[in-house]
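Structure first, commentary second.
The values are calculated or read from the model by the stated rules, or taken from the named source; none is laboratory data. The structure displayed is predicted, hence computed values, not measured ones. We place every Cβ from the backbone using ideal geometry, glycine too, and count neighbours over all the protein chains shown.
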Amino acid sequence: MKKYFLIVSVWMLWLGSCTLMQHKSYTPKDPLPENKQALPFVEKPAYYSKYYQFKTGQSYTRAVERAYYGMQAEMLQELNKYNIKKGFNIEDYNKYSKASFFQTDVYEIPADMKSKAVDLFRPLLDSMFLLAAQHRSFHAEILVLGYTDEAAVPYNTPIYNQLLKLSKQKYFYNNDYYNTLSYFRAKEVGDIISDLLAKKKSSFYQFDKATFDIIVEGRGIEYPDAKRTYDLEDDKRKITKVYWKVYQSE
């Protein structure tokens, strides 16, 4: 009888130790001390960009790339100060000394000329950031305006059909062809400037906040210079001109 009791006691002791071991293996971690709280989220300045495209009141196509640096919520309020849909008086801007000329019914810069075009506009951004460096914050605008002459519309040609496809239209009415051709001439130059700006992204970090608009618009058969006289078919009208402005952000 005693032997049986001894065996039962040993078995109960072994069972108890297994239960204790099992209990310990699933004990949850100790909770954090009550005085230890999660740190609040602190927003840091960052670089953002947005793209817009729309028709103006004159039925011109306008595209705007906005690059901005700072606190996002604060910068959205800052950008509301600058109306990208407004009309522009080029007399209020600085005229860039370089321009791009195109052949009849051509809107693309030839591949072998692209590097020269990049070199043509790189000094523009360099000088704008140099001027902006005088301030802790700034807003800048670049206007890229495309034009064309009144050469006969090349109906049912590759360039005509290509521009229809790019503009997502089935037909061109009235001056639509000229407006579209001039817009894509401006966009060709605007894309070069946009690429240059993207490579200067780090230049934004020296400011507390900064906003930069690249505004591209096709002006169709409007005269590039209102003070000059042009012919209907005139190489001087097949041009893209650039204007710029930098001022301290309020």
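Below are the figures for this structure:
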| quantity | calculated |
| --- | --- |
| Hey, Y171 part of a helix (DSSP H, G or I) and over 29 Å from A210 (Cβ atoms) or not | no |
| Criterion (out of contact with any Asp or Glu (no Cβ under 9 Å at 6 or more places or on another chain), exposed (fewer than 14 other Cβ atoms within 10 Å of the Cβ), farther than 21 Å from K187 by Cα and not charged (D, E, K, R)) met by exactly one of N161, N156 | N156 |
| Residue satisfying condition, being modelled with pLDDT under 95, within 23 Å of Y93 (Cα to Cα) and not aromatic (F, W, Y), within set A226, A186, A140 | A226 |
| Candidate set: region 118-144, residues that are more than 20 Å from the chain's Cα centre (by Cα), assigned to a helix (DSSP H, G or I) and among the aliphatic types (A, V, I, L, M); chosen: the one nearest to N83 (Cα to Cα) | L131 |
| Flag if R66 is under 16 Å from F207 (Cβ atoms), at pLDDT 90 or above, charged (D, E, K, R) and in contact with a strand residue (DSSP E or B) (Cβ under 9 Å, 6 or more places away or on another chain) | yes |
| Residue that is farthest from R228 (Cα to Cα), among those in region 164-179 that are modelled with pLDDT of 95 or more and loosely packed, with under 15 Cβ neighbours inside 10 Å | K165 |
| Unmet requirement for T229, which otherwise passes all of (1) hydroxyl-bearing (S, T, Y); (2) part of a strand (DSSP E or B); (3) farther than 22 Å from F138 by Cβ | (2) |
| Residues (in a loop (DSSP other than H, G, I, E, B) and among the aliphatic types (A, V, I, L, M)) located in region 153-163 | V153 |
| Residue match in region 145-152 (condition: surrounded by fewer than 17 Cβ atoms within 10 Å (Cβ to Cβ), out of contact with any Gly (no Cβ under 6 Å at 6 or more places or on another chain), free of Cβ contacts under 8 Å to residues at least 24 places away in the same chain and assigned to a helix (DSSP H, G or I)) | no |
| For V246: the one exception among (1) closer than 30 Å to Y69 by Cα; (2) in contact with a strand residue (DSSP E or B) (Cβ under 6 Å, 6 or more places away or on another chain); (3) in a helix (DSSP H, G or I) | (3) |
